[in-house]
1. Under the definition of Cα pairs under 8 Å and six or more residues apart, what whole-number percent is the relative contact order of the stretch A:386-573?
2. Please list 3J(HN,Hα) in residue order for the stretch A:174-180, calculated via the Karplus relation 6.51 cos²θ - 1.76 cosθ + 1.60 where θ = phi - 60°; whole Hz, with x for glycine and proline.
3. Which residue fluctuates most in the GNM of chain B (Cα springs below 10 Å): B:Asp91, B:Asp326, B:Asp301?
4. Show which lysines lie in cross-link reach of A:Lys336 when reach means a straight Cα distance below 17 angstrom and same-chain residues fewer than eight apart are skipped.
5. Taking amide H positions as placed in the peptide plane 1.01 Å from N, state which residues far from A:Arg109 in sequence (5 or more) or on other chains have amide H under 5 Å from it.
6. Of all alpha-carbon pairs in the stretch B:1-156, indicate the percentage at a distance above 20 angstrom.
7. Could you work out how far helix A:354-365 tilts from the main Cα principal axis of chain A, as a 0 to 90 degree angle to the nearest 10?
8. Taking R0 as 22 Å, what FRET efficiency do you get between A:Gln104 and A:Glu193 from their Cβ-Cβ distance, rounded to the nearest 0.05?
Amino acid sequence: MNILISDSWLREFIETKATPEQIRESLSLCSQSVEKITKVGRDFVYDIEITTNRPDCLSVYGLARELAAILPRVGFQAKLKGVPVATLNKVTRSLPLQVKINNQNLCPRFTSLIFDNVQIKPSPDLVAKRIENSGIRSLNNVIDISNYLMLELGQPMHTFDYDKISGAKMILREAREGEEIETLDGQKRPLPEGTIVIEDGKGRVIDLCGIMGGKNSEVDESTKRVLLFVQTYDPVRIRRTCQALSFRTEAASRFEKGVDPEGVGLAMKRATLLFKEWCGARVASHLTDIYPHPPKEKKISFSQEKLNSMVGVEIKISVVKEILENLGFTTKAKTKNTLKVTVPHWRADDIDIPEDLVEEVARIYGYHNLPNALPPLTSLNQTKNPVFAWEDKIKNALKFWGFTETLTYSLVSQEMLLMADLKTKDHLKIANPLTKTLVYLRTTLIPSLLQILANNATEESIKIFEMANIYPPQGKDQLPDERMKLSIAASGEQFFQLKGIAEALLPELGIADYEFSEANISLPMLDKTKVTQILVNGQSVGVLGGINQEILDRFGIKSLVTVLDLELGPLLKSASGHKKYLPASKYPPIIEDLSFEFPARTLVGPVIQSVKEVSSLIKKVDLIDSYENTRTFRIAYQSLDKNLTDKEIKPLREKIIKRLSARFQAQVKGVL
Amino acid sequence: MIKAQITNLKNEAIGEILEINEEKTLEEIRAKFLGRSGKLNQLTKEIPKLAPEERKNIGNLISETKRTIEDALWQAKDKFRKEKNKEEWLDVTAPGIKPPEGHLHLVTEAIREISAIFEGLGFQRSRYPEVEWDWYAFEGLNMAENHPARDVWETFFIEDFENEKYGKGILTPHTSSGQLREMEKYRPPIRMLNIAKCYRRQSDMSHAPMFYQFEGLVIDKNINISHLKGTIDYFTKQYFGPDRKSRIRPYHFQFTEPSFEVDVTCLICQGKGCRTCKQGWMEIGGSGMVHPLVLKNGGIDPNLYSGFAFGWGVERVLMMKYGIEDIRLLFEGDLRFLKQF
């Protein structure tokens, strides 16, 4: 959360010669990040990002406290000044207020005070300017006091018109189902169960505690008596209510991060002073202060050895003491190198362990004063996961074969699933989607690629691929079967081009033994007549086929689309960089072409396989020509040991002819 | 008698050579007159029959004739070649025949670059679930439910999906969810590099609901803040250039203590200060010393081991480098965009 504070205000609490620019630089390096300085009139406004662990810095005084520790380390004297307050004297006749807190956990500390004789008027100019520099509208002196002190001390407070509280009675409790409140901004808000609220003597809800007051009890121009509320609330409850209502105020942002209950007293006394000075008001009641369980002081051991081992340099114990004390810690030497450190109350929530103290010392010492060193390499237990190198190799191959890599969202729309004939129930669904297009975790990459083909209709021939995880569910309490897919898509009739990609890619992965199954398998999205499965060791590693026409129509794609969809898991399990060495034959091969006529629709794959199996002397069988039902094969015969003669080849040739005739009813048509 | 035969042969050959108009006929003429069974060789066979005093003269004459015919053949060949060169013409400025042109995604290129840098320091790449349990993404990283620090990670939840032990199912909003998984898998020393898709409920020019982060995690004995600084500075100089500087500033994450924000000198103004940076520095990521509770949750004794972690978005630096204004362009699949890289 960012806060805006004026330089002049900061200097009310810290006396230093450092310029705003020097303050920005040192605060950013050692504490909270100053994102910007803006000149406003004669003043400067700092825009500071405060981290969630440091709600104590969400105030002018809190930042002054930080600077008091930081500036002396960078060569500037800096003195932290006190906060001007009024003393709270007993009043002779106190106006009544009956307070009941139903559950003490809701409100660790409750204080209130009533002022009489309040004159409502505009705030002094300086005050109005400072508040507005911080981005809050100046309204009147009473409301401004609560905002001014929230900014100055980090303690949000609320003012009621005392006369609007029925029966001078308040019950702080959890909201019940169905209750609502009209807040100061005029909005009617339903109250989530468990919200902290206050009801008055008539049972009206008059405050949405810690977030915004009720309209029915607000201070207005005719207010004479003001009830001032300075409290702390259970941060978790405030946060839940804000989330449920999608409504957050400056006060709520502070309460949900935790406000220091020990700071309440100071804030009350400071407010009393301002009520007197700015409103001419008079204290008209005793202080109500319900604070049954004040936190105990926290003590933490500090060891110089731990500090040095964590920062990598030696920082003297005297420096450590100085830094911690300037930050408000108290230290007591235990041994020469260890301290007993007491945590100041405003840091009680964020300082717990010795590492927290190391941070305090190291940041004020200055991270920029620590050396840059590389961590020593002692030994490495991890073995390199080869998957990453294979993935890179595949991507490179595809790039050089003319494919463009795409990267699409893992989440898809319901519409896309339906277009692709997929069922929503087979997908994990986002409970709080951001848009309708990103709702289901995909179980295939193909629809995403089809969408790209549809969107880029003006491109001529498209060749794309994506390598990404899919997320098929495995039950309601088990993570999905998250696994890597490689999907390749090409526009047009590209069956044999993509088959060629598979046939080139697999050997690149060291997979020599693979086969393509015969057609007629039913697979989602694919045309039944143009599809094959790729098998490695009998296991399917992917499919190749044409997208069926109905789906193309739904996506509005005019051309045909061919896809090669591979499972990287099993594929890379079989991948190997190992290559087998075979000596090259010294004797030239004898090459001849054989033509056969086959019955219609004879699959050529098994024919080639049959020829190869005839003899180990047949080194290569290529399909070189196809005309109608005639196929011409070029066959290379070669021996490692000698020159082959026609006498040796003749029986092989006869065996081929006989086998193809027997198995495939092939008629030999020619030998060349 | 034989002399005249030789002279006639010479004239006949030269006559034929002068008359031909096709280069390939030259070889025929060569064979006819100079070949193994050519006309000149026939005459050579007559030499032994001559008187001894004549043999030498005739021998010389035959050799001379052979040279003359060869010269004539060469000249004719040369003439043809010159004519041919005059006809042939190659436009060397015409475009070459290119191999097919493909493109890798910018994010792939960036991941490779980042991996290579950290692999040089002994980091190993890991990969952990994108659909993850609350424990690994939040609770185990010292961020209980309802912790305000969680606001930063605008998280996608998965409907009707919860594990008794590990809590609700989410899309991991940061690569830090890999920290505990890495510790469960390996004992120190650990040098992990986890580059992965992350998801957050936000979408604008500089935020996409899906994006990539990379996370480094080092756990060993005596690991300190200086080691973190040195590692980040090494990366900065390797990735952004040797003139870049890096620094760390205090920040807060629940899973590191202390925590830091990492700045590098601005790529645009070289650290002088400009509109896009903060006084010459750009925030690029978060880092810190692994919180002892996180080590404990990962089964590592924080009294023996310490570590640091850092992580930031891959796209952000890419966008700076290429001047891409809208991060969502990276995921839209517009080929006119993808084919530029």
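The values are calculated or read from the model by the stated rules, or taken from the named source; none is laboratory data. This one's a predicted model, so the numbers in the text were calculated from it and none came from an experiment. No Cβ is skipped: glycine too gets one built from the backbone with ideal geometry, and neighbour counts run over all protein chains shown. The protein model used for the area step is the full one, side chains on, heavy atoms only, and it has no ligands, DNA or RNA in it. Shrake-Rupley method; radii C 1.70, N 1.55, O 1.52, S 1.80 Å.
1. 20
2. Each residue of the stretch A:174-180 in turn: 8, 5, 9, 4, x, 6, 9 Hz.
3. The residue with the greatest mean-square fluctuation here is B:Asp91.
4. Reachable lysines: A:Lys306, A:Lys316, A:Lys321.
5. Correct list: A:Thr232.
6. Details: 8896 of 12090 pairs.
Here the tail beyond 20 Å accounts for 74 percent of pairs.
7. The two axes meet at around 80 degrees.
8. 0.70
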